[in-house]
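The values are calculated or read from the model by the stated rules, or taken from the named source; none is laboratory data. This is a predicted model, so every value here is computed, not measured. When we count neighbours, we look across all protein chains shown, and the Cβ atoms used for this are built from the backbone with ideal geometry, even at glycine. Areas reflect the complete protein model, heavy atoms only, side chains present, ligands, DNA and RNA absent. Shrake-Rupley method; radii C 1.70, N 1.55, O 1.52, S 1.80 Å.
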Amino acid sequence: MNRAQTNSIFSALIGVSLMFGLNVAARAQPGSSLVGDWSGESICVGEIGACHDEQVVYHISVDAADATKVKIGADKIVDGKPDFMGDMLLKYDAARNTLIGNLEGPRFRGVWEFTVKGNMIWGTLSLLPEKRIVRQIRVTKNQSTATMTAMTNHATGTFEVKLTPQDDQPADPSMGRMTIDKQWSGDITGTSKGQMLTGGDVKTGSAGYVAMEKFTGTVKGHKGSFIFQHSATMTAGKGDLTITVVPSSGTEELKGITGKLTIKIEGGKHFYDFEYALP
């Protein structure tokens, strides 16, 4: 490989690293760990009118423009069903891990004060002006819906693939690049195009490849596109292949799609099983 090729690859790697770093920083915005559903209990303290202990679910969201602004949509559980009580508008202090906001009602004025620690939030409601604690709240974060929901959707069928070696392959025969063209049929219909990088020597029984492949078409009638990411190794003839959907790559009716693809080759024909979930 000459110096120009080395510099080109090095520059590309720096660009990818910077993009990845920016993505990580975006995901790590203050307050992002609060977003989701939290369940627990709200317990009455002392004697205050018709106060009742409650099982609660808090739906927490963070303002996209200001991570210190947090909204909690509060449900109480009545006969096993959620009953919406209202929204709390709170200020999040990331340094202190606190959420504080005012309660303004026709009969009472008060202040909500919460402390966040990992996947647990506990706090109080105090009435003003005496600042007397009348409720104690403790909630824990629910496992995300995406994690809780098994990928029970399956799309199956066959595909035809054409791999075309590219003219820009290096002089080193252990390295290669190919384009991918696929035609899908069955539960998935459409086409995909991609790029594959290979390394090793299959004659020895050990090699590997990585690839990115963009699909456009329908998945069980849902129209759009998304990107598959491939990673494969073969060691002494034993293969290990992983194909997953690149996060947030889905468009149109396939927006938000997640999943993994398995491939089986029988009689020279490619069969697929796509296990996936849609929001």
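Brief remarks follow.
- Here K193 is the anchor, and the lysines within straight C-alpha reach of less than 22 Å, apart from those fewer than 8 places off in the same chain, are K162, K182, K214, K220, K223, K255, K260, K264, K269.
- The 1.4 Å probe gives accessible areas that order E213, E54, largest first, as E54, E213.
- Rolling a 1.4 Å probe over the protein chains gives H59 an accessible area of about 70 Å².
- Share of carbon and sulfur in the accessible heavy-atom surface of segment 32-88 [1.4 Å probe, %]: 51
- Two-site label geometry, T251 and S231: point separation in nm, points 7 Å out along Cα→Cβ: 2.6
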